[in-house]
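Here's the structure, in structure tokens; my notes come after.
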Amino acid sequence: MNCFRYKIEHDYGFAPNPFHGTLSLATCKGPIRQNKNLKVGDWIVGFGSKSMDNEGYLIYAMKVERIITFDEYWESEEFQCKKPVINGTLVQMYGDNVYHTDKSAQPVRKFIQERCAHSNKDWTVNLGHYAQDTRTDRVLLSKTFYYFGDHCISLPKQYSCIGLSKRDKRGNMAYRDLQGQDAKIQAFVDWLAANYEPGIHGDPCNWKEFKRDKYEVYEDEEDK
């Protein structure tokens, strides 16, 4: 069992996207999504950063339970709710189901980037995000997740090994230091399960930038 950890520079509910009962990592973090050592059953843990004034705090942890392609994600009835609605609620605006194969344009462009949080301001394709997001055609999914967002938590000292070292705090992923350390990873997972229910425990950290009423943020109570 591996435990991939990294620092999150901004958190809008896009990467990861914790809504609709499934936490998805469909964009960003190409080095993790494409890592050949990543497999079902591994854990991914995201920590805060100086830019969000919560460096070292736990933003989320997910157990990788499914790995599917962009097209499988795009076409699945289960994940139509993850497609962005640009003028919708914040939950809808930050939908991450945004890439699918452009069969007519191959080989010039392999994927279509739908209008989304990673588009340019005029909704044209943001080539920088496009290049990073499509480094791998893998979407990571989990129903066993703990998303704390703006209610992020600090880890007890006994689980400090899960945190990022000074070298890794630049934002690079870490996992090699815990390879073969299944007992340490499992102890951390057991602590989470003993103290928190799986699911959403806070809003995305950067949502404080928006001044919206509750009904403009969530589609319904099930999404909170």
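Structure notes:
- Angle in degrees between helix 182-195 and the longest Cα principal axis of the chain, rounded to the nearest 10: 80
- Area of Ile67 that stays accessible when all protein chains are in place (1.4 Å probe, Å², to 10): 60
- Loop-located trypsin sites (Lys or Arg not before Pro) in region 1-82 whose Cβ has at most 15 other Cβ within 10 Å (DSSP): Lys36, Lys39
- Computed [θ] at 222 nm, deg cm²/dmol, the chain (DSSP H ≥ 4; -39,500 (n - 2.57); rounded to nearest 500): -4000 deg cm²/dmol
- Listed values [x] 45, 43, 34; [y] 61, 42, 29; [z] 52, 42, 31, entry calculated as Cα extents along the principal axes in Å: [z]
- Cross-link pairs Lys39/Lys83; Lys82/Lys110; Lys110/Lys208 - those with Cα-Cα distance over 31 Å: Lys110/Lys208
- Environment charge at Trp74 (Cβ cut-off 10 Å; Lys +1, Arg +1, Asp -1, Glu -1): -2
- His118, His129, reordered so the largest accessible area comes first (probe 1.4 Å): His129, His118
- Placing Trp123, Trp191 in order of accessible area, with the largest value first and a 1.4 Å probe, yields Trp123, Trp191.
The values are calculated or read from the model by the stated rules, or taken from the named source; none is laboratory data. Treat the numbers as computed from the prediction; the structure is a model and nothing was measured. Using ideal geometry, Cβ is built from the backbone for each residue, glycine included, and neighbour counts are taken over all protein chains shown. Ligands, DNA and RNA are excluded from the accessible area calculation, which covers all protein heavy atoms including side chains. Shrake-Rupley method; radii C 1.70, N 1.55, O 1.52, S 1.80 Å.
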